[in-house]
Amino acid sequence: MYIIFVTGMAGSGKSLFSKTLSESLDKNGWTTGILNTDAATINLPYEPVSDVRNFIDIHAIGEQYGLGSNGTMIFAADLLASFLPKIQEELDVLQLDYLIVDTPGQMELFAYRESGKYLIDNLQGDGKMSIFISDSFMMSTSLNFLSIKVLALSVMLRLGTYSIHILNKVDMDPERAVRVIEWDKSITSIESELGDQEHAISYMKLYRELRKNGLMKDLLPVSALTGEGLNSVTTLIADQFTSGEEIKQ
Ligand SMILES: Nc1nc2c(ncn2[C@@H]2O[C@H](COP(=O)(O)OP(=O)(O)OP(=O)(O)O)[C@@H](O)[C@H]2O)c(=O)[nH]1
Ligand SMILES: [Mg+2]
């Protein structure tokens with residue numbers, strides 16, 4: 001079982017992308033399932049094969065410990081570690097080719113707290129990678145573009161797995177999405193977009209250095225809604241785990 005952790009900012013499309021990716025992998029002949037690690041989510045666009053909500057009751061935690069909403073979320077995320085053996089048991093009987101792990105809305109619960117790292121290190125699989133999802137609409141100003149690229153790098157550094165960076169929701173405003181991809185490909189295009197915003201110029205130097213050292217991941221445009229771009233992502237994932245072995249038909 002290969003494991004794919006899906007992370008990204010709140011509302012960027014992690015859950016819908018998990019569903020569309022699962023369907024795309026299924027279509028290529030793989031057996032896949034999704035693990036929901038978001039104890040606070042109400043509606044999921046997919047049927048999870050394992051779900052932390054079966055182990056953790058977010059409302060009971062809040063009441064029992066008298067915590068506010070953020071405290072409850074943090075407590076629930078930390079509690080996940082203690083249920084990992086049970087979750088692993090549920091997953092192992094399924095004999096999946098790929099497990100997709102949908103992570104909580106508040107990115108920092110998974111990316112920056114120990115519980116997320118614990119899950120990555122201790123969930124047993126034959127290989128692991130992570131996907132950072134960005135919303136193309138949010139990324140479509142030059143300053144947001146730079147800060148989200150650096151944020152994605154920070155999360156990838158923290159998670160310590162092979163990672164890819166997805167530009168989601170390209171169906172919403174295709175022209176904007178094309179512009180974001182242009183900025184990603186050409187450092188001069190993002191530089192000219194930033195113009196003479198003085199404080200941005202020093203960040204631009206940082207971005208240039210990170211890019212020069214191969215630390216910046218290219219954006220892969222997709223729509224989790226329409227499925228556009230999913231074939232390339234599926235091929236990339238299969239290549240990463242199987243070193244180019246043919247995708248099963
Ligand atoms: N148009 C469009 N909408 C999308 C796309 N991906 C997600 N959405 C919508 O964006 C909203 C948020 O999507 P989710 O999949 O719930 O995002 P999320 O990152 O899991 O959200 P949280 O778990 O709350 O952080 C939903 O209304 C989705 O239908 C996309 O590619 N295109
Ligand atoms: Mg979600």
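The values are calculated or read from the model by the stated rules, or taken from the named source; none is laboratory data. Remember, predicted model here, so these are calculated numbers, not experimental data. No Cβ is skipped: glycine too gets one built from the backbone with ideal geometry, and neighbour counts run over all protein chains shown.
Looking for something surrounded by fewer than 16 Cβ atoms within 10 Å (Cβ to Cβ), within 16 Å of ligand 1 (Cβ to nearest atom) and without any contact (Cβ under 8 Å) to a residue 12 or more places away in the chain - is there at least one such residue anywhere in segment 161-177? Yes, the conditions are met somewhere in segment 161-177. Within segment 17-30, residues that are closer than 12 Å to residue 168 by Cβ and of a type in the set (S, T, N, Q) sit with their Cβ atoms under 7 Å from residues that are within 16 Å of ligand 1 (Cβ to nearest atom) and part of a helix (DSSP H, G or I), at 6+ positions apart or across chains, in these pairs: 20/230. Selection within segment 84-105: residues that are within 16 Å of ligand 2 (Cβ to nearest atom) and closer than 16 Å to residue 53 by Cβ. The member of this set that is surrounded by the most Cβ atoms within 10 Å (Cβ to Cβ) is 102.
For the criterion of being among the charged types (D, E, K, R) and away from ligand 2 (no atom under 15 Å from the Cβ), residue 38 fails. Can residue 81 be described as within 16 Å of the chain's Cα centre (by Cα), of a type in the set (A, V, I, L, M) and either surrounded by fewer than 18 Cβ atoms within 10 Å (Cβ to Cβ) or assigned to a helix (DSSP H, G or I) (or both)? No; evaluated as a whole, the condition is false for this residue. Only a single item in (1) aliphatic (A, V, I, L, M); (2) over 17 Å from the mean Cα position of the chain (by Cα); (3) in a helix (DSSP H, G or I); (4) within 10 Å of ligand 1 (Cβ to nearest atom) is not met by residue 73, and it is number (4). Of the candidates 63, 47, 90, 23, the single residue that is away from ligand 1 (no atom under 16 Å from the Cβ) and either aliphatic (A, V, I, L, M) or modelled with pLDDT of 95 or more (or both) is 90.
Look at residue 108 and say whether it is within 16 Å of ligand 2 (Cβ to nearest atom) and in a helix (DSSP H, G or I). So residue 108 passes the test.
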